[in-house]
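*Asks:* I have a structure here, written as structure tokens, and I will follow up with some questions on it.
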Amino acid sequence: MSVRIALLNQKGGVGKTSISVNLAYGLALEGGDTLLIDLDPQAHASMIYCDGNPASTINEIFERRDADMGSLVQTAIVDGKPSEPPLWIVPSNIRLAVTAERMITEHYRERRLHTHLQEVKNRYEYILMDCPPNLGVLAVNAIYTADIIMIPITYSRYSLDGTADLLESIALIRDGDFASWLILRNAFDARNRATNAYIENELASVEGHLMETVIRRSEAINQAQIRRLPVVAYDRKSRATRDFEKLTREVQGYVV
Ligand SMILES: Nc1ncnc2c1ncn2[C@@H]1O[C@H](COP(=O)(O)OP(=O)(O)OP(=O)(O)O)[C@@H](O)[C@H]1O
Ligand SMILES: [Mg+2]
């Protein structure tokens with residue numbers, strides 16, 4: 001059995017990639033075979049876990065119906081070496097943007113990823129999907145196949161703007177019966193009391209869908225990204241490492 005988790009928010013820069021990259025590593029460290037699928041043409045997750053420009057990318061399943069999903073999976077590279085924890089990635093690259101544009105007219109375009117995942121999903125305990133910052137065909141593919149949709153938000157005045165649209169899209173794509181969406185608070189800074197109070201108040205409307213873990217704002221997350229590392233490999237003692245450990249445990253709890 002595998003669980004498919006989409007990291008989704010049409011808003012840019014809220015932490016989708018940071019969370020995908022670090023949660024994937026955390027789950028792998030716990031011994032769960034984990035596959036990270038980069039669905040973003042910006043390819044930020046691929047830049048962390050791949051050496052150079054990958055030869056094959058997730059693009060292929062959207063270009064060719066007979067593509068072999070298994071052959072697109074690569075061992076994640078961590079600090080120049082194949083990952084010791086069981087982590088794999090299906091990378092992306094910028095060409096995916098053109099493919100997504102072309103697919104707009106195709107039938108069953110929203111099921112492509114779901115169909116191809118059938119071939120490989122039993123090999124992994126966790127499949128994480130890092131989505132682009134829009135609700136285009138790539139995000140729709142992730143929504144269609146996800147068991148859990150995790151929506152990172154940050155602490156700003158407009159952080160929940162767009163969430164209603166997002167939930168409406170999810171309901172439309174999943175025929176209205178999808179309850180497994182979760183809000184994950186990211187980049188929390190205890191000093192910003194008034195803003196935090198405002199956001200917590202706004203979040204009352206999504207009670208019951210709030211994840212318990214809050215990822216604090218942490219320079220280690222930026223530094224790890226610059227060095228192309230998961231944060232635990234950059235600084236095992238950072239608070240970001242602790243936060244992602246907590247997040248990992250919470251996600252494990254959802255799956256049991
Ligand atoms: N908790 C945090 N503390 C400090 N910096 C953070 C935190 N979370 C994310 N960042 C930084 O914010 C920037 C955006 O994060 P990230 O790339 O994960 O967002 P995203 O939602 O994937 O963006 P996009 O929509 O462009 O794909 C990055 O530089 C990242 O290092
Ligand atoms: Mg991203």
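*Asks:* Based on the Kirkwood radius over alpha-carbon pairs, what value in µm²/s does the Stokes-Einstein equation return for the translational diffusion coefficient of the stretch 56-182 at 37 °C and 0.692 mPa s?
*Replies:* 204
*Asks:* Just tell me which aspartates and glutamates come within less than 20 Å, Cα to Cα, of residue 11; anything on the same chain fewer than 8 places away is out.
*Replies:* By straight Cα distance, residue 11 reaches 38, 40, 101, 130, 161, 165, 168, 189, 200, 202.
*Asks:* Right, here's the next one. Residue 76: net charge of surrounding residues, Cβ under 12 Å, Lys/Arg +1, Asp/Glu -1, itself excluded?
*Replies:* Residues close to residue 76 contribute a combined charge of -3.
*Asks:* Over its Cα atoms, what ratio of radius of gyration to 2.2 N^0.38 Å does the chain give?
*Replies:* Working it through for the chain, the quotient is 0.95.
*Asks:* Also: Quick check on the exposure proxy: order 16, 81 from fewest to most C-beta atoms within 10 angstrom.
*Replies:* In order of increasing Cβ crowding within 10 Å: 81, 16.
*Asks:* Moving to a separate point now. How would you order 105-116, 131-142, 239-250, 189-200 from highest to lowest mean count of nearby Cβ atoms within 10 Å?
*Replies:* 131-142, 239-250, 105-116, 189-200
*Asks:* For the stretch 1-124, treating each Cα as an identical point scatterer without solvent, what Debye log10 I(q)/I(0) comes out at q = 0.13 1/Å?
*Replies:* -0.51
*Asks:* Follow-up. What ranking, highest mean first, results for peptides 5-13, 50-58, 157-165, 37-45 when packing means the other Cβ atoms within 10 Å averaged over each residue? Intermediate values should be presented prior to the final figure.
*Replies:* Details: 5-13: 22.0, 50-58: 16.7, 157-165: 14.2, 37-45: 25.0.
Taking the mean over residues of other Cβ atoms within 10 Å, the ranking is 37-45, 5-13, 50-58, 157-165.
*Asks:* Follow-up. Among residues other than residue 253 whose Cβ falls under 11 Å from its Cβ, what is the net charge (Lys/Arg +1, Asp/Glu -1)?
*Replies:* Once positives and negatives cancel, what remains is 0.
*Asks:* So, one more: In percent, how large is the relative contact order of the stretch 3-255, given Cα pairs closer than 8 Å and 6 or more residues apart? Intermediate results must be reported in sequence, preceding the final value.
*Replies:* On the way: 463 pairs, mean separation 65.7, N = 253.
Once normalised by length, the contact order is 26 percent.
*Asks:* So, counting K/R as plus one and D/E as minus one, what does the shell of residues with Cβ under 12 Å around residue 183 add up to?
*Replies:* Charge balance in the 12 Å sphere: -3.
Values in this text are rule-based calculations from the coordinates and carry no lab data. Computed from a predicted model, the values in this text were never measured in an experiment. When we count neighbours, we look across all protein chains shown, and the Cβ atoms used for this are built from the backbone with ideal geometry, even at glycine.
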